[in-house]
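Structure, as C-alpha cells:
Each reported figure results from applying straightforward, stated rules to the coordinates on display, with no laboratory input. On a predicted model such as this, the values are computed, not experimentally measured, just so you know. Counting neighbours? That spans all protein chains shown, and the Cβs are built from the backbone with ideal geometry, glycine included.
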Amino acid sequence: MGHPGQLVPRGARLVFALALLLAWTCAARAQAAPAAAPDSPALARSLFSALQNLQGALAQVAPEQWRAKDSDRVQFRTDRASIERNVVEALPGLALKLEGAPEDLGAAFRLYRDGEAVYAVALRAADLAGRYGDQAQAEAIAAALQQTDASLNALADFIQVTGSAQAAELARFRTAHPDAPPASPPPKTLVINDANGPAPSRHSSRARTKKAKPAPKQPQGGSSTVPAPPTTPPPGV
C-alpha cells in the first residue's frame, strides 16, 4: 500500500478484495467439510470401551439393598452376569477380529449383533436400577448406555456405508468385465422331460411300476398238475 494520504490504485484494491474472498471461502469450506469417517478398528475400540463402562456402572449396584421383590433382584443379578460374560469372554475376540480385518463386514456385523444384544439386556437392568437403586448409580448407568448407543449407531453406519460402497464397486467391475466368471459355479439344472404334461395319477403310476407275473409253464403231456418236488427220505430208511 502507499503512504498515508495517498489513494490505493483500483487494481490493487481489487486484488486485495479477491484475496480476502478466497481466504474466507477456504475457511468456510474447511469448517463445513465433514470429518473423516472413522475406520472399523476405532469403532470396535469405542464400542468395547463403552460396554466396559456399562459393565463397571452396573457392578456398583447393590440389589440386596433394594426394597424390591426377590424376583427383581434375581433378574438384575442374572442380567448383570450375562453382560459381564459377554464383555469379558465374547466381545474382546470379536473386536480383535474386526481390527485384524477392517473391511470384513461379517466381522463388523457379528460385533454389532453381540453389542446390540448386550445393550438390550442392559436396558432391562438399568430400568430395575432406576426404580430401586441409588440415583447417582442410575445416572452413571444411563450415561454408559448413551455412550454404548452412540457407538452402536456409528458401527451400524459403517456397515451400511461400506456395504453400499462394496456393492457399487462390484457392479462397476461386472460392467467393465462382463465376461468374467462368477465367484461361484452356478447351481446344476435338473431337466425334467415333458415337464408341461399332466402329472400321473397315483393309480396309474402304481400300475406302471407293478410288473405282471408270468404264468407258469404247462408241463408236456397235457397234465395241468405241477409235480411236487421229491422229498428226502428220513434217515435210517
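Over the residues of segment 40-176, compute the C-alpha Rg and express it relative to 2.2 N^0.38 Å.
This ratio for segment 40-176 stands at 1.25.
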What is the gain in length, in nm to one decimal, between Arg77 and Ala142 on full extension, counting 0.36 nm per residue of separation less the C-alpha to C-alpha distance? 21.6 nm
Give me the percent relative contact order of segment 40-176, please, defined on Cα pairs under 8 angstrom at least 6 residues apart. 39 percent
Gain in span if fully extended, Ala176 to Asp39, counting 0.36 nm per residue against the direct Cα distance: 46.5 nm
What order do you get for Thr162, Thr175, Thr78, Thr148 when you list them from fewest to most C-beta neighbours inside 10 Å? Thr175, Thr78, Thr162, Thr148
Calculate the all-directions average of the projected area of segment 51-127's alpha-carbon convex hull, and give it in nm². 5.1 nm²
